[in-house]
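Some notes on the structure that comes next.
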Amino acid sequence: MASSNYSLSHKKARTIRWMGMGFLLIALMLVVSTATNSLVPGMSIECDLPRPCHDASDPMNLLPDASRAAVRADPVMHRHYVDWVARPGVRIALAVVNLIAFGPTTALLLSLGMAFRMMGRQGGQGLVRALPWLRWACRAAILLAVTQLLKQFLLSAVLLLGVDRPTLLDFTIDFNITLLPLLMASAAYATVWALRAGMRAEEDLARFV
């Protein structure tokens, strides 16, 4: 059975705590990025060394690559699309889609960061404290795999009235790319569940001994 008591050397515990801090910092950066993208539809920063980075934000960035040229080539459609994206209601809808797309990633990084911080604590029981956060990380990973598909459908629905030809919103969806992360996240969740179940069984047995 799995044991809930384990110990790490001081050096290893400190390393894993710093790893957790790194994940938490990345999660914080992603929160800022998600908020910024929600305020500026199609936000993009291009860095082409040795030239300095510059703002390349454009509502056209929301469209599939193959559709941008067609919209730009039609001045009427281009103006209608830009005006559509600028509407307050549409911008709110795009912010919601953005949150759905990046929210699970943020939750995943946050959960992993907290799990590593719990594992790196001294005094034992670190794995027990980390398992709930690992469960949340697995759930976030499963949700992330699903929302990557959902994002394209929602984005198409929001932008549909912004273009005259719905075929321009023909986003390519690869289920094979989503299937593997979904299976891996599900396997990780099952592993965490089995570890916790083994620990509980060991604790129950210890009460009778």
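The values are calculated or read from the model by the stated rules, or taken from the named source; none is laboratory data. Since the structure is predicted, the reported quantities are computational estimates derived from the model, not experimental observations. For neighbour counting, all protein chains shown are included, and Cβ atoms are generated from backbone atoms with ideal geometry for every residue, glycine included. Calculation scope for accessible area: heavy atoms of the full protein, side chains included, ligands and nucleic acids excluded. Shrake-Rupley method; radii C 1.70, N 1.55, O 1.52, S 1.80 Å.
Return the tail of the calculated pair distribution for the stretch 1-127, meaning the percent of Cα-Cα pairs more than 19 Å apart. Of the Cα pairs, 65 percent sit more than 19 Å apart. Mind giving me the nanometre distance, one decimal, between the label points for ARG200 and ILE45, set 7 Å out from Cα along Cα→Cβ? Each label point lies 7 Å from its Cα, and together they span 4.5 nm. Once both labels are positioned 7 Å from their Cα atoms along Cα-to-Cβ, the gap between LEU160 and LEU25 label points is 4.4 nm. Within the assembled protein chains, the solvent-accessible surface assigned to MET199 is about 0 Å², based on a 1.4 Å probe.
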